[in-house]
Amino acid sequence: MTKRIFNFNAGPAALPLEVLSEIQTEFLDFKGSGMSITEVSHRSSWFDEVINDAVLRVKRLLNLGEGHEVLFLQGGASLQFSMVPMNLLPDDQVADYVNTGSWSVKAIREAQVLGKKVRVAASSEDRDFNYIPKNVDFHADAAYVHITSNNTIRGTQWKSFPNTGDVPLISDMSSDIMGRTLDVAPFGLIYAGAQKNLGPSGVTLVIIRRDMLERVPDTLPTMLKYTTFAAKNSMFNTPPCFAIYALGLVLKWLDEKVGGISRIEEINQQKAGLLYSYLDESDFYRGTAEEEDRSTMNVTFRLTNESLEETFIAEALANGLGGLKGHRSVGGCRASIYNATTLEAVQALVSFMADFERRYG
Ligand SMILES: *Cc1c(COP(=O)(O)O)cnc(C)c1O
């Protein structure tokens, strides 16, 4: 018997069991090709179908029209910290960034490394990034406004997006893309490393509004230009074939098995609600994010007696609940409950937490 744990990893993270089984079933002979998906040519009709289906599913799930390009890139979300300003921020213009934690800090730093002009339009650093700034000082002349929609490490999430008028919003959505309904209209570009909510690591989803492609300077290296990949259906060079294939299966699962994003949003709210209401009731545990801004994807918490945290994490793992350690930069505990984490897993976690509280409280 294969042993599976309840997986609360922040990323790479849990994948739907149905998807893993499907990969296993067709791993040695992909669609009658007599080859594994890891062995077929990216120029074959087999792979063409895989990538086209993945693009279509992204478009369908997010209601994208003809105005958007869907790209599958490499280099992780981290390369987007550089590609976004390289491609979309001319040297004589300024971009507004909102600083809501480590990933925003890195995005800002990479723009600055390039010598670009960056304005920090708002920050939640004053209270240890435990909230989302409400009054953001946007400038109408900004080339774009960059935000991190969900802060994986601090457990905060933008519940509604700022109105930036004609200035395009750009968001790092690595840890909540497809976890809730989304109106893409205000966004010039959205990016997400796949390994949180979409699939395995190795591919980054980029959704770019077509008019943004006009900003891309000719002088950039070919491999760093959005236009290169937009012109070639993400296949200018060999794409991360396996990761795109697996991402496509996750989206098929979301679309056909779950019933789409509005359904998964309900389930995610139920999961997060269960966990947060337990944290709120208990004096033994406490959530670290401000209530109105807390994430439905990454639930960060501390034990009131912090010296018990190590035991809590170790005992949880011994009970089949993995990945509950907080990010190394902040400590504490974190349960990442992305789309593929089931309600059953969250119920098991809450009942373990209650048991632990009884024994050590
Ligand atoms: C994980 C994460 C990243 C980094 O992703 P890589 O693909 O490892 O570069 C960036 N932003 C957010 C919000 C993340 O959660």
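The values are calculated or read from the model by the stated rules, or taken from the named source; none is laboratory data. Everything numeric in this text was worked out from a predicted model, so none of it was measured. Every residue, glycine as well, gets a Cβ built from its backbone with ideal geometry; the counts of neighbours run over all protein chains shown. SASA here: full protein model, heavy atoms, side chains in, ligands and nucleic acids out. Shrake-Rupley method; radii C 1.70, N 1.55, O 1.52, S 1.80 Å.
The table below lists the values:
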{"quantity": "Leading residue by the ranking (nearest to the ligand (Cβ to nearest atom)) among those in region 1-19 that are in contact with a Lys or Arg (Cβ under 9 Å, 6 or more places away or on another chain) and open to solvent by less than 60 Å² (accessible area, probe 1.4 Å)", "calculated": "GLY11"}
{"quantity": "Where TYR191 falls short, out of the listed (1) more than 9 Å from the ligand (Cβ to nearest atom); (2) within 29 Å of PHE8 (Cβ to Cβ)", "calculated": "(1)"}
{"quantity": "Qualifying residues in region 337-356 (those that are within 20 Å of GLU306 (Cβ to Cβ) and buried (at least 18 other Cβ atoms within 10 Å of the Cβ)) - the one farthest from the chain's Cα centre (by Cα)", "calculated": "PHE356"}
{"quantity": "Condition check for ASP176: among the charged types (D, E, K, R) and assigned to a loop (DSSP other than H, G, I, E, B)", "calculated": "yes"}
{"quantity": "Pair list, Cβ < 6 Å and 6+ apart or interchain, from region 172-190 residues that are within 19 Å of THR341 (Cβ to Cβ) and in the same structural domain as GLY101 (by TED's automatic domain parsing) to residues that are in a loop (DSSP other than H, G, I, E, B) and at pLDDT below 95", "calculated": "none"}
{"quantity": "Failed item, numbered, when VAL98 is tested on (1) over 23 Å from ASN197 (Cβ atoms); (2) within 16 Å of the ligand (Cβ to nearest atom); (3) part of a strand (DSSP E or B)", "calculated": "(1)"}
{"quantity": "Inter-residue pairs, beta-carbon under 7 Å, first over 16 Å from ASN298 (Cα atoms) and in region 193-207, second hydroxyl-bearing (Ser, Thr, Tyr) and near the ligand (Cβ under 9 Å from one of its atoms), 6+ apart", "calculated": "THR204/TYR191; LEU205/TYR191; VAL206/TYR191"}
{"quantity": "The one condition in (1) at negative phi; (2) open to solvent by 20 Å² or more (accessible area, probe 1.4 Å); (3) in contact (Cβ under 8 Å) with a residue 24 or more places away in the chain that ASP29 fails to fulfil", "calculated": "(3)"}
{"quantity": "Set ILE132, ILE153: member being more than 30 Å from ASP91 (Cα to Cα), in contact (Cβ under 8 Å) with a residue 60 or more places away in the chain, within 15 Å of the ligand (Cβ to nearest atom) and assigned to a loop (DSSP other than H, G, I, E, B)", "calculated": "ILE153"}
{"quantity": "Where PRO162 falls short, out of the listed (1) modelled with pLDDT of 95 or more; (2) under 24 Å from ARG180 (Cβ atoms); (3) more than 16 Å from the ligand (Cβ to nearest atom)", "calculated": "(1)"}
